[in-house]
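Only one structure is covered here, and it is reproduced in the block below.
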Amino acid sequence: MKRDLISILDLKAEDLEQIMQDAATLKTLRKEGKEHPVLAGKNLAMIFEKPSTRTRISFEVGMNDLGGHALHLNHKDMQLGRGEEVRDTARVISRYASGVMIRAFLHSTITEFAAHSTIPVINGLSDKEHPCQLLADIFTIREYFGSTEDIRVAWVGDGNNVCNSLILASGLTGMDLRVATPDGYRPDPAVVERGRTVGGKVTVFNSPEEAVKDAEVIFTDTWISMGDETQQAQRVKAFAGYTVDEALLKKADPDAIVMHCLPAHRGQEITDEVLDGPHSAVWDEAENRLHVQKAVLVNLLRT
């Protein structure tokens, strides 16, 4: 039976632990220059409706490391861009590839594709979730702290797709999550309730200072996500005071790390001093997209 990764909650605790262990092994093998072609003969179709840097490169390099092949497919260059139904594309690609990664505007596009696909489908980002990013974030926190259990985590900024996945993952990880967003940009209450239902400890604030008090991890993300460009002026105004700067960082734990999924708008949601400073785990976090996504591929595509 095929397995998909569309939501972070498609994983059970044991699945998450296996991915974390495999990612650590794969990271070591790559650092030591040891070949690990465990997906030789496998092909990953990658469909992009949105631009991508880290997702595209990490999946493409990852498949190459694993001995497989990745195909970059811009939806505008496919019949999807001319009106072919998602279900028909899913049925055809299932005959060609071993798995599919989709970066889509709408979460429903990915769920519809998965419903008609006979091969594993991976959510490379949608308007609702970004599970691959969150897995890399969890792996990074574990590298710094040894565990995610009872780690005090603050999210400062927009209640967006990455925030949603963080909330839903809180029960799997044992993190104590505090989310600070301005009114009108809070995470979906249904997502918060779901996170709590599956065992997550989630508190929502208006005040960034309250959220980051004694936090060991501070997350932030762009205020203007892909598709929100027309709202730029109103978003910049609404998020005034939500910049992760040195003054805010001083309210966190002295050994706190700062994370950002990138791309960063320096001077808006995060300052240069923090992004490039000693508390930044952003570049480790970005690298770990590669190792964790390789672990996801191994777990979903290896037979």
Original post:
Is at least one residue of segment 200-208 within 22 Å of T148 (Cα to Cα), out of contact with any Asp or Glu (no Cβ under 9 Å at 6 or more places or on another chain) and touching a residue at least 60 places away in the same chain (Cβ under 8 Å)?
Top reply: no
**OP:** Restrict the check to segment 131-149 and report whether at least one residue is touching a helix residue (DSSP H, G or I) at 6+ places or on another chain (Cβ under 6 Å), crowded, with 18+ Cβ neighbours inside 10 Å, under 22 Å from A240 (Cα atoms) and assigned by TED's automatic domain parsing to the domain that holds R235.
**Re:** no
Subject >> Filtered residues of segment 100-110 (kept if part of a helix (DSSP H, G or I) and over 20 Å from N299 (Cβ atoms)) >> reply: H107, S108, T109
Original post:
Within segment 227-244, how many residues turn out to be crowded, with 16+ Cβ neighbours inside 10 Å and part of a loop (DSSP other than H, G, I, E, B)?
Top reply: 3
**OP:** Among the candidates D158, D88, D127, D137, single out the residue that is under 18 Å from the mean Cα position of the chain (by Cα), of a type in the set (D, E) and not in a loop (DSSP other than H, G, I, E, B).
**Re:** D137
**OP:** Hey, can you tell me all the residues within segment 1-54 that are free of Cβ contacts under 8 Å to residues at least 12 places away in the same chain, over 18 Å from N299 (Cα atoms) and in a helix (DSSP H, G or I)?
**Re:** K31
Subject >> Yes/no for I119 being part of a helix (DSSP H, G or I), more than 26 Å from A190 (Cβ to Cβ) and assigned by TED's automatic domain parsing to the domain that holds P51 >> reply: no
Original post:
If we scan segment 34-45, do we find a residue that is under 30 Å from E229 (Cα atoms) and outside the structural domain of I141 (by TED's automatic domain parsing)?
Top reply: yes
**OP:** Restrict the check to segment 246-260 and report whether at least one residue is surrounded by fewer than 16 Cβ atoms within 10 Å (Cβ to Cβ), under 17 Å from E129 (Cα atoms) and outside the structural domain of A104 (by TED's automatic domain parsing).
**Re:** no
Subject >> Failed criterion for Q21 (all others in (1) within 30 Å of D158 (Cα to Cα); (2) within 23 Å of the chain's Cα centre (by Cα) hold) >> reply: (1)
Subject >> All positions within segment 237-255 that are in contact (Cβ under 8 Å) with a residue 60 or more places away in the chain, in contact with a helix residue (DSSP H, G or I) (Cβ under 7 Å, 6 or more places away or on another chain) and more than 17 Å from G184 (Cα to Cα) >> reply: V244, L248, A252
Original post:
For F205, which of the numbered conditions (1) surrounded by fewer than 20 Cβ atoms within 10 Å (Cβ to Cβ); (2) hydrophobic (A, V, I, L, M, F, W, C); (3) within 15 Å of the chain's Cα centre (by Cα) fails to hold?
Top reply: (3)
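The values are calculated or read from the model by the stated rules, or taken from the named source; none is laboratory data. In this text the structure is predicted, and so the values were computed from the model without any measurement. Every residue, glycine among them, receives a Cβ derived from its backbone with ideal geometry; neighbour counts consider all protein chains shown.
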